[in-house]
Amino acid sequence: MGKCRPSLWCFAACLSGLVMVAANRAQAADGSIAGGPAASYSIAFSNSYAGSDFRKVMVRNWQEIAQQAQQQGLIREAPVVSANNSASEQAAHIQDMIVKGVDAIVVLAASDTALDGVIRDACNAGIVVVVMASKVTEGCVYTVDYNWSAMGRVEIDYIAERLKGNGTLLEIRGIAGDATDKNISDGIRKAASDYPGLRFAKTVYGNWTGAVARKEVSLALPSLPVIDAVATQGGDGYGAAMAFKAAGRPLPIIVMGNRQDELALWKQEREANGYETVSVSASPSVSQVGFWVAQQILAGKQVPKFVEVPLVRIDAKDLDTWLATMPVGGAANPFYSQASVVAMIDAANNHTAAPAPVPEIRKQ
């Protein structure tokens, strides 16, 4: 795809590239997989952070689907570059991708504002930019994301039902300053406002990691009253449970985040004493959705600016089925094929709900 880089390309070449993109997009029929020529294209993944098990599985999911697409002749390459949760480092990575002439960049953003300038540079260069499972304020991007408010609603409605609308809660947030963390927390708090009898005693940050969550909850517990339920963001349920156990406190309702250790603990406690909860979270295979959305845009599919990815919710009746799909250290990880992502795109185009993800045993 031609890139509009005034300092490197003449106007005619730039115009020719844009005409080619328009021709590709014209080939796409609504409700079908776009098959425009994309074998020479490069789709890069700019990942803000790779320090958690969830993110490591996310990167492997990207690599798996990218290898498959390469073998099928759908793309040329799909490199991954991860930053250390640093927006400035990530911006430098994206700038390097622009210089190298990639055709699309899928971004899991470290900041909702700090990357706007470099993302605008990418768009002005004719690069397709897909922001995945995060948010930026630059308007030129396509966004692939979850309804985080709905995640908060699932958590609080479940907690309120179990507690009959009255109880004391602990909230475990993700990474301070991260847009997704704020969106999930806002959803939790908005849902909780419908239940005046629910009160938050404390908020801690667990960085979406079990070890950090355990440490922060352990530090908070001595000053806290009886906690009836814990609202979480994913990856923190097991650590929270271990903190309560170490403190000699009974386990409250802890909303789990679809990780194998959390679900295994839930099953163990259920078999021992009837413990029940619910689990809801994003999936590390969202990276596959981001990949296929970028590939389909390059191939000519008409894609809306926002494509919603269904959250993975695990209720008690589905616990054993989902747990059977997960290796130790894994997470609920549905496989997203090109066809299933096209179904998401079509659902977004038609303003209908995308099909819910289903458990599938596969390597993680």
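The values are calculated or read from the model by the stated rules, or taken from the named source; none is laboratory data. All of these numbers come straight from a predicted model, not from anything done at the bench. Cβ atoms come from the backbone with ideal geometry, glycine included; neighbour counts cover every protein chain shown. We work out accessible area using only protein heavy atoms, side chains counted, and drop any ligands, DNA or RNA first. Shrake-Rupley method; radii C 1.70, N 1.55, O 1.52, S 1.80 Å.
Quick notes
- Extent along the principal axes, Cα only, for the chain: 71, 37, 35 Å, with the longest axis given first.
- Of all DSSP beta bridges in the chain, antiparallel share, percent nearest 5: 10
- Sorting the Cα pairs of the range 205-364 by distance into bins of 5 Å, from 0 upward, gives 1, 9, 17, 18, 15, 13, 10, 8, 5, 3, 1, 0 percent per bin.
- Alpha-carbon centroids, the range 117-138 and the range 57-79: separation in whole Å: 21
- FRET efficiency estimate (nearest 0.05) - Cβ-Cβ, A247 to H351, R0 45 angstrom: 0.40
- For the range 199-299, the convex hull spanned by the alpha carbon atoms encloses 116 Å³ per residue.
- Helical mean residue ellipticity (222 nm; -39500 (n - 2.57) per DSSP H run of 4+; nearest 500) of the chain: -13500 deg cm²/dmol
- Once C-alpha pairs closer than 8 Å and six or more residues apart are averaged by separation and normalised to the residue number of the chain, the relative contact order reads 18 percent.
- Electrostatic bookkeeping for A39 treats Lys and Arg as +1 and Asp and Glu as -1; over the other residues with beta carbon under 13 Å from its beta carbon, the sum is -1.
- Distance between the modelled labels on V226 and K190, one decimal in nanometres: 3.3 nm (7 Å Cα→Cβ projection).
- Seen from a random direction on average, the alpha-carbon convex hull of the range 135-259 projects onto 7.8 square nanometres.
- Take every pair of alpha-carbon atoms less than 8 Å apart whose residues are at least six positions apart; their mean separation over the length of the range 31-126 yields a relative contact order of 38 percent.
- Length-normalised contact order for the range 236-347 - Cα pairs under 8 Å, 6+ apart - percent: 32
- Amide H contacts of V106: A44, F45, S46, V130, each under 5 Å away and 5 or more positions distant or on a separate chain (H built 1.01 Å from N in the peptide plane; Pro and chain starts excluded).
- The order of I175, I33 by accessible area, most exposed first and with a 1.4 Å probe, is I33, I175.
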